[in-house]
Amino acid sequence: MRLLIDDADMGEIRRLYDLYPIDGVTTNPSILAKTGRNPYEVLKEIRGFIGKEADLHVQAIARDAEGMVKDAYAIVQALGEATFVKIPCIPQGFKAMKLLKKDGIRTTGTAVYTPMQAYLAAKSGASYAAPYINRIDDMGYDGIHVAKEIQDIFEVNKLDTMVLAASFKNSQQVLELCKYGVGGVTAAPAVMDKFVNNAAITAAVDVFVKDFEKLAGEGVSMAEL
């Protein structure tokens with residue numbers, strides 16, 4: 001399962017890349033708006049940091065298929081072929097996905113709330129379909145269950161598209177999809193920080209260090225013996 005950062009803050013991206021095995025970055029217009037900067041300036045900075053081969057997901061803004069295709073070409077030209085263009089899973093979006101598939105441009109079906117949206121995105125040639133887990137929960141449905149249904153649909157129909165689940169509120173949701181073997185998840189820094197945020201883990205490490213210091217002295221590590 002691929003693990004991506006759902007953010008455009010370079011400070012957070014650098015911090016999490018330093019700590020964890022990250023596969024790329026996802027953005028959307030709302031995330032970019034939080035930076036208060038020119039979108040391409042931010043995206044080029046992200047691309048320069050993560051490298052030209054890492055996954056970067058950037059959303060098309062146009063509302064019609066022709067405009068989405070134009071956006072896609074501009075995005076890929078500016079940010080490289082490893083960039084996935086996020087296309088909303090609406091009728092005009094499916095049309096755009098089909099056109100972009102023919103042109104070899106990779107897409108991510110976004111704003112996915114239902115398995116049927118994901119199925120149509122996959123049939124239209126999308127590389128990923130991104131169900132919004134927490135937003136689905138907020139509508140009174142089970143976001144994790146929907147993501148699993150989408151994964152099952154892809155497998156039983158032998159579709160090459162992968163699930164890229166987004167919009168998480170806690171680490172348990174991420175773990176559930178990790179156990180199910182979806183293609184990837186993208187999580188905000190605040191959620192990633194909770195992956196191993198456990199008082200018992202911290203306490204165990206503290207005990208080991210204190211016991212070692214009884215033998216070797218305070219502040220001494222194995223490298224300093």
Problem - Added length on full extension, which subtracts the Cα-Cα distance from 0.36 nm per residue, Ala62 to Phe195 - result: 44.3 nm
Fill in the blank from the handout: One finds, for Tyr113 and Phe208 with R0 = 45 angstrom and r their Cβ-Cβ distance, a FRET efficiency to the nearest 0.05 of 0.45
Practice task
Between Tyr73 and Arg135, take the C-beta separation as r, use R0 = 22 Å, and let me know the FRET efficiency to the nearest 0.05.
Solution key: 0.15
Handout entry: GNM top mover of Asp206, Asp23, Asp55 - the chain, alpha-carbon springs below 10 Å
Key = Asp206
Handout entry: Quarter of the Cα convex hull surface for segment 77-225, i.e. its orientation-mean projected area (nm²)
Key = 13.2
Completion exercise
When the charge dipole of the chain is computed with +1 at the Cβ of Lys and Arg and -1 at the Cβ of Asp and Glu, the Cα pointing farthest to the positive end, of Phe94, Met1, Ala204, is that of Phe94
Practice task
Cross-chain or 8 or more residues apart, Cα under 23 Å: how many lysine pairs in segment 1-154 fit that? Count them up, please.
Solution key: 26
Handout entry: Computed E for Leu215/Tyr180 - FRET, C-beta separation, R0 45 angstrom, nearest 0.05
Key = 0.50
Handout entry: Highest-MSF residue in the chain out of Gly125, Gly184, Gly51 [GNM, Cα springs under 10 Å]
Key = Gly51
Fill in the blank from the handout: Glu81 neighbourhood, Cβ < 10 Å, K/R = +1, D/E = -1, net charge +1
Fill in the blank from the handout: Expressed in Å to one decimal, the Kirkwood Rh of segment 17-91 from all distinct alpha-carbon pairs is 12.9
Problem - Rough spin-label spacing in nm, given labels placed 7 Å along Cα→Cβ, for His145 and Ala223 - result: 5.1
Exercise for the section: Determine the dipole magnitude for the chain: charges of +1 sit on the beta-carbon of Lys and Arg, -1 on that of Asp and Glu, nothing else is charged, the reference point is the Cα centre, and the result goes in debye to the nearest 20. Expected result: 840
Practice task
In a Gaussian network model over the chain where Cα atoms closer than 10 Å are linked, find which of Ser171, Ser124, Ser30 has the largest mean-square fluctuation.
Solution key: Ser30
Fill in the blank from the handout: Taking a ≥ b ≥ c as the square roots of the eigenvalues of the Cα gyration tensor, with a/c under 1.5 meaning rounded and otherwise prolate when a/b exceeds b/c and oblate if not, segment 28-139 is oblate
Handout entry: Relative contact order (percent, whole number), the chain, Cα cutoff 8 Å, 6+ residue spacing
Key = 16
Practice task
Starting from segment 104-164, pick out the chymotrypsin sites (Phe, Trp or Tyr not before Pro) whose DSSP state is loop and whose Cβ has at most 13 other Cβ atoms within 10 Å.
Solution key: Tyr141
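Just from its helices, what would the mean residue ellipticity at 222 nm be for the chain, if runs of 4 or more DSSP H residues each count -39500 (n - 2.57) and the sum is divided by every residue, rounded to the nearest 500 deg cm²/dmol?
Here the helix-only value at 222 nm equals -15500 deg cm²/dmol.
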Completion exercise
Expressed in nanometres to one decimal, the distance between label points 7 Å along Cα→Cβ at Arg2 and Glu81 is 1.6
Handout entry: Residue range of the chain that is longest and free of GluC sites (Glu not before Pro) which are both DSSP loop and sparsely packed (at most 10 other C-beta within 10 Å)
Key = 54-217
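We did not get these values from a lab; they are worked out from the coordinates using the rules stated. Here the structure is a predicted model, which is why all the values come from computation and not from measurement. Cβ coordinates were reconstructed from backbone atoms using ideal geometry, including for glycine residues, and neighbour counts include every protein chain displayed.
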